[in-house]
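Quick one: the structure is below, questions incoming.
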Amino acid sequence: MKKSLYTTALLWSLLSMSVGSFAQMMQWKEVAAGVWKVSVGKPEAYNLLTAAGAQPNAEALKKMGSTGFPLNRNDISVKLVDGKTYLRFPLDWGEQLYGFGLNFQTVHQRGRILQLHMDHYGNKDNGRTHAPVPFYVSSKGYGVFVNSARYIDVYAGTAVRTDSKNPPLVQDRNTDKNWQAQPYSDAVEMLVPAGGVELYVFGGPSSMEAVRRFNLFNGGGCLPPRWGLGFTQRVNRLYSDKDVQKEAAEFEEKGYPLDFIGLEPGWQSKSYPCTFEWDNTRFPQPAAFVKDMLSKGVRINLWTNPYVSPEASLYPKIAPYAGSHSVWVGSVVDLTIPKAQAVYWDQFDKAHVGIGVSGYKIDEVDGFDSWLWPDVATFPSGVSAEQMRQTYGLLVMKQSTELFRKHNRRTYGLVRASNAGGVSLPYVIYNDNYSHEDFITGLINSGFSGTLWTPEVRASKTGEEWLRRFQSVCFSPMAMINAWASSTKPWTFPEVADQIKEVAQLRMRMMPYWYSEFAKYHFEGTPPFHAVNLVADFKTEVKKEVVNANLEENPYVLAVSKEIKDQYMAGEYLLVAPMFTGQTSRKVVLPKGKWYDFYTGQLAGEGEVITVTPGLDKIPVFVKDGGIIPMMPVLLHAPQPNQKVDLEIRHYGQKNAQYRLYDDDGETFAYEKGQFSWRTLTAERGADGRWKGSISEPENGKPNTVGKVSWKFMTILE
């Protein structure tokens, strides 16, 4: 009888534990320096990291050093109920949250409810986006990552438990003018529709260090070829080889930089769905065409979506590996199956990469619901439709990158969908939205999510709009005109053609800086474009206010924290504050320390809010005190592998400073075998008050593309 009672009690205890909290049982393991992991329940074998093939850069993480676990373990709650995983992480008063994927209208994510769901951007930050990355970073200097390829519901400091340790005040709306419709919440809660999950916590101690650890754990950022950081033009969708050659010649004749041209759907014999075969009327000799363009310093990038047309020669071979539902009557290939990968990418290798094509623009892998396969679809591998949707962008990025690796050539392309795990994959996200303001907010948020985003230029109503958009794109991960519909060219608006040329040339002159900053992304995890919130000693504004609230129109209007979502950091030293159409002046928030005008070297301000009136010709850019910006002469194309280039090194402000200049062959994967170098640029002022600059000697046997070096000290002594 006693044994029976004991057995019954044990059974009830285990049953209670199966639906209760695992907080006391979770064994967090430090899997890399400052990175902790725990597995709860039964995590699914297919997840974001496995889909992307992400491998941690353990050596780089080790260099960062370890740090203490940043949260109270007992305040982390995990419950398994009805085959779903409930997660709860603590929040302190005044703590701000960033991330949760690629958002376009908000930077502060505390107080938001999201479903992280792969989709096109529908003009609302609700979690349905091109990169629904389940990672967030706190202003307190830590990050949390949920490694699941499921649609994840997020309550980012919105829900209030009745047993909360820090409950909100009970307020009377009748008498309390500070009453809020959304009470204070002390937790981030998430619901994962799976019976278990892998969780990761990233230490800081700063927010930037938490982001760096996340990026390095995902393999480190991508390192594009030098030409990828040049200028690109996407041409009309029905252009022929002769049209493309003519347009490239116009760029050359008019003196506008051009490194790669993007061909839109018309290069294929059929698209929507695709054959992946050249149209023999517009491109009768594709190999000769690609070779000719390469001889002129211009590479070719091909648009495609991944869905196989029944009229493609590939179709019979790939049909056995297709999912149950089509997209635009094209087969959706199960790219998790190795045999399917081999059949599918062999076509790309023979017809494209093998003849010298340099990259892809991979479209339509994000959403819209009525276009993509439904969640009731099935795939031969057994991977669910939901998981496939969350990761299809990762699969095509990873597998196409491996194709270029086979040829020992780096690539840099465009994609509509990414996710956690894709940090190291050399693709930039784009979409069909065209709000200039949203573009900049997206660029800011990309730095929290391990993604790259481009505020591309398409069409414009006026020369002013054209120039303002162009200025922003030249201070972004990819300087691109996407003219597939409008055939717009840099010189389309004659009244601003000279200014357009000037900023395009500036983009090229700054290539040594851009390339070094991307190298830091790869080797150290520092996002090349990011929010000012990640700048050291930058204090997040936590004061909330309601502006122009009409309570009759919205009786439950919420107070929100002020966000900085229209300026961003470009690399280590530059603060960029874009101007939008119709603006003649704008406010700029300068982080702590002195900041100098990029163009003149004059002091702009010190840790304050300034108002600038730059005129139409300039995009406001400011340089941190001690900033060193390496620049090269104006070239129409990126330097060729091992080509020597002279440098002009600019120094700003009054601080002695050092900068690490990165170098490799600019095109192959030799850098992964140690064929790269860092050279130290040093600016210091002597006892006589004069500035002197120097560069460290090149290493024997390491790349050295530096020609003559000159210094320009931009700031007159104060």
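The values are calculated or read from the model by the stated rules, or taken from the named source; none is laboratory data. None of the values given here were measured: they were computed from a predicted structure. Here the Cβ is made from the backbone with ideal geometry for all residues, glycine too, and neighbour counts use every protein chain on show.
Does any residue of the stretch 207-214 turn out to be of a type in the set (S, T, Y), farther than 26 Å from Y392 by Cβ and surrounded by 24 or more Cβ atoms within 10 Å (Cβ to Cβ)?
yes
Evaluate the stretch 399-409: report whether one residue or more is under 15 Å from the mean Cα position of the chain (by Cα) and either within 20 Å of P455 (Cα to Cα) or part of a helix (DSSP H, G or I) (or both).
Scanning the stretch 399-409, I find no residue that is under 15 Å from the mean Cα position of the chain (by Cα) and either within 20 Å of P455 (Cα to Cα) or part of a helix (DSSP H, G or I) (or both), so the answer is no.
Related question: When you go through G157, G141 one by one, which is the residue that is closer than 19 Å to R213 by Cβ and surrounded by fewer than 24 Cβ atoms within 10 Å (Cβ to Cβ)?
G141
Checking S66 against (1) buried (at least 18 other Cβ atoms within 10 Å of the Cβ); (2) modelled with pLDDT under 95; (3) out of contact with any strand residue (DSSP E or B) (no Cβ under 6 Å at 6 or more places or on another chain), only one condition comes out false. Which one?
Unmet for S66, out of (1) buried (at least 18 other Cβ atoms within 10 Å of the Cβ); (2) modelled with pLDDT under 95; (3) out of contact with any strand residue (DSSP E or B) (no Cβ under 6 Å at 6 or more places or on another chain): (1).
Regarding K673, is this residue over 30 Å from P490 (Cα atoms) and either buried (at least 20 other Cβ atoms within 10 Å of the Cβ) or within 25 Å of the chain's Cα centre (by Cα) (or both)?
When the stated conditions are applied, K673 does not pass them.
Specify which of the listed residues (G382, G422, G367) is touching a Leu at 6+ places or on another chain (Cβ under 6 Å) and in a loop (DSSP other than H, G, I, E, B).
G422
Something else: Restricting to the stretch 305-316, give me the number of residues that are part of a loop (DSSP other than H, G, I, E, B) and more than 14 Å from L372 (Cβ to Cβ).
Residues that pass the stated criteria total 6.
Can you find a residue in the stretch 322-331 that is modelled with pLDDT of 95 or more, touching a Gly at 6+ places or on another chain (Cβ under 6 Å) and either under 16 Å from G262 (Cα atoms) or not assigned by TED's automatic domain parsing to the domain that holds A52 (or both)?
Scanning the stretch 322-331, I find no residue that is modelled with pLDDT of 95 or more, touching a Gly at 6+ places or on another chain (Cβ under 6 Å) and either under 16 Å from G262 (Cα atoms) or not assigned by TED's automatic domain parsing to the domain that holds A52 (or both), so the answer is no.
To continue, here is another question. Looking at the structure I just gave you, is A149 closer than 30 Å to R389 by Cβ and without any contact (Cβ under 8 Å) to a residue 40 or more places away in the chain?
When the stated conditions are applied, A149 does not pass them.
Specify which of the listed residues (P426, P338, P380, P374) is in contact with a Cys (Cβ under 6 Å, 6 or more places away or on another chain), outside the structural domain of G666 (by TED's automatic domain parsing) and at pLDDT 95 or above.
Result: P426 is the single residue among P426, P338, P380, P374 that is in contact with a Cys (Cβ under 6 Å, 6 or more places away or on another chain), outside the structural domain of G666 (by TED's automatic domain parsing) and at pLDDT 95 or above.
Related question: Quick check: anything in the stretch 221-233 in contact (Cβ under 8 Å) with a residue 40 or more places away in the chain, within 30 Å of A638 (Cβ to Cβ) and hydroxyl-bearing (S, T, Y)?
Among the residues of the stretch 221-233, at least one is in contact (Cβ under 8 Å) with a residue 40 or more places away in the chain, within 30 Å of A638 (Cβ to Cβ) and hydroxyl-bearing (S, T, Y), which makes the answer yes.
Then there's this: Out of E386, E364, I need the residue that is under 23 Å from the mean Cα position of the chain (by Cα), on the phi > 0 side of the Ramachandran plot and among the charged types (D, E, K, R). Which one?
So the residue among E386, E364 that is under 23 Å from the mean Cα position of the chain (by Cα), on the phi > 0 side of the Ramachandran plot and among the charged types (D, E, K, R) is E364.
Tally time: how many residues in the stretch 317-355 are surrounded by fewer than 18 Cβ atoms within 10 Å (Cβ to Cβ), assigned to a loop (DSSP other than H, G, I, E, B) and not β-branched (V, I, T)?
4
Pick out, from the stretch 73-137, the strands (runs of 3 or more DSSP E) lying fully within it that include 1 or more residues that are in contact with a helix residue (DSSP H, G or I) (Cβ under 7 Å, 6 or more places away or on another chain) and among the small types (G, A, S).
Where strands (runs of 3 or more DSSP E) fall fully within the stretch 73-137 and carry at least 1 residues being in contact with a helix residue (DSSP H, G or I) (Cβ under 7 Å, 6 or more places away or on another chain) and among the small types (G, A, S), they are 97-99.
Being β-branched (V, I, T), under 20 Å from I429 (Cβ atoms), in contact with a Lys or Arg (Cβ under 6 Å, 6 or more places away or on another chain) and touching a residue at least 60 places away in the same chain (Cβ under 8 Å), is that true of even one residue in the stretch 93-115?
Yes, the conditions are met somewhere in the stretch 93-115.
Now a separate question. Can you tell me which residue in the stretch 679-711 is farthest from the chain's Cα centre (by Cα), limited to those that are in a strand (DSSP E or B) and free of Cβ contacts under 8 Å to residues at least 24 places away in the same chain?
Looking at residues that are in a strand (DSSP E or B) and free of Cβ contacts under 8 Å to residues at least 24 places away in the same chain, I get K692.
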